[in-house]
Amino acid sequence: TKYHVGLIGLGKMGAPMAANIARAGYPLTVFDLNEDTKRDVAAATGATAAPDTVTLARDCDVIITMVPDGKAVRALLIDGGLADAAGAGTIVIDMSSSDPNGTRALGTEMESRGLKFIDAPVSGGVKGAENGTLSIMIGGDPAVIDECEALLSTMGGQLFRTGALGCGHAMKALNNYVSAAGAVAAIEALRMGEAFGLDPNHMADILNVSTGRNNTTEKKLKQHVIPKTYASGFSLGLMTKDIATAVAVGKATGQDIPFAESCLAYWADALEKIGPDADHTAVVDKPKS
Ligand code: NAD
């Protein structure tokens, strides 16, 4: 028998993830703060739209959160009463890119209520969510992860067990830091090259078969940065949050991380100048300080 799944957060990632869960035959109940989004996703997937999260918690065996950050997850689970409404033994999976220390603190509160809690953030973007090929970085009790594997496989191509609760979230933040640093390197190189007289499309071709190749050179320069379409599906606000999370992980563990700190300063400056809702690839347009 398949779990009754609840999915909260139906944005750019949550909506296609809901479609894949429903397609795999799981009974699904959905919720989003945005009523229009909730109605549209329920209609598109055949899921039930929950009137509120407490009702969703009472109906579901497994509850997935796919909201902007760990603060929103805490607001839902603790302040919003979801954890108190869920029956003992309910599994909660936070697939948002949350702060790992906040996740560990939440874990204690979930445990005291008899709930099972794991972190399972994702990488692969909107396309990966649509195709069900996300990489999923999972932290928490292996026995609980075993119980979730089939469900997670409806959304992910690769499932990684990274360690204790919070390790998935730490891994995700560090992945996005590496991705963000690579983006800055590629974008600054493009600027320098163009100013010197190189053709940016040609530069992208050369980088992509040379040692400078990275995710930005392959998937963002010609697709979003050079044509100025800025439609990758991942916002500047969320990217900057992830780099800040990585820096916080580094500081909390006493690491010397000047490069990560300057990367964060670069993105935080863009955030201030062009706002959190801009696509993260629009960082190339940020005005000079
Ligand atoms: P999004 O802004 O498109 O969607 C977030 C959704 O959550 C919105 O529909 C919003 O209304 C809803 N929401 C916010 N607070 C809520 C609450 N308290 N209760 C119910 N609903 C709430 O964001 P997204 O791009 O889908 O990202 C979701 C998470 O996935 C973030 O943590 C992000 O960092 C991560 N992520 C995004 C991508 C990407 O490419 N977009 C890739 C990997 C991971």
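In region 235-247, is there at least one residue being exposed (fewer than 14 other Cβ atoms within 10 Å of the Cβ), assigned to a helix (DSSP H, G or I), outside the structural domain of Lys71 (by TED's automatic domain parsing) and touching a residue at least 60 places away in the same chain (Cβ under 8 Å)? Before the answer, list the steps.
As a first pass, look at region 235-247 and keep what is exposed (fewer than 14 other Cβ atoms within 10 Å of the Cβ): none.
Within region 235-247 (the criterion being exposed (fewer than 14 other Cβ atoms within 10 Å of the Cβ), assigned to a helix (DSSP H, G or I), outside the structural domain of Lys71 (by TED's automatic domain parsing) and touching a residue at least 60 places away in the same chain (Cβ under 8 Å)), the answer is no, since none of the residues qualifies.
Looking only at region 162-216, count how many residues are among the charged types (D, E, K, R), surrounded by fewer than 21 Cβ atoms within 10 Å (Cβ to Cβ) and assigned to a helix (DSSP H, G or I).
4
What residue, among those in region 1-39 that are assigned to a strand (DSSP E or B) and not hydrophobic (A, V, I, L, M, F, W, C), is nearest to Ala50 (Cα to Cα)?
Looking only at region 1-39, we keep the residues that are assigned to a strand (DSSP E or B), and these are 5-8, 28-31.
In the following step, the residues that additionally are not hydrophobic (A, V, I, L, M, F, W, C) were identified as 6, 29.
On the way: Gly6: 9, Thr29: 6 Å.
Top of the filtered list is Thr29.
Identify all residues within region 31-50 that are crowded, with 24+ Cβ neighbours inside 10 Å and either near the ligand (Cβ under 10 Å from one of its atoms) or not assigned by TED's automatic domain parsing to the domain that holds Glu130 (or both); write none if there are none.
Selection gives Phe31, Asp32, Val41.
Here is a list: Thr245, Thr240. Which entry is in contact with a Phe, Trp or Tyr (Cβ under 8 Å, 6 or more places away or on another chain), within 11 Å of the ligand (Cβ to nearest atom) and within 22 Å of Gly70 (Cα to Cα)?
Testing whether each residue is in contact with a Phe, Trp or Tyr (Cβ under 8 Å, 6 or more places away or on another chain), within 11 Å of the ligand (Cβ to nearest atom) and within 22 Å of Gly70 (Cα to Cα) leaves just Thr240.
Mind listing whichever residues of region 248-261 are surrounded by fewer than 20 Cβ atoms within 10 Å (Cβ to Cβ) and either over 22 Å from Thr217 (Cα atoms) or under 13 Å from the mean Cα position of the chain (by Cα) (or both)?
Passing the criteria: Ala248, Gly250, Lys251, Ala252, Thr253, Gly254, Gln255, Asp256, Ile257, Pro258, Glu261.
The values are calculated or read from the model by the stated rules, or taken from the named source; none is laboratory data. Quick caveat, the model's predicted, so the values are computed rather than measured. Counting neighbours? That spans all protein chains shown, and the Cβs are built from the backbone with ideal geometry, glycine included.
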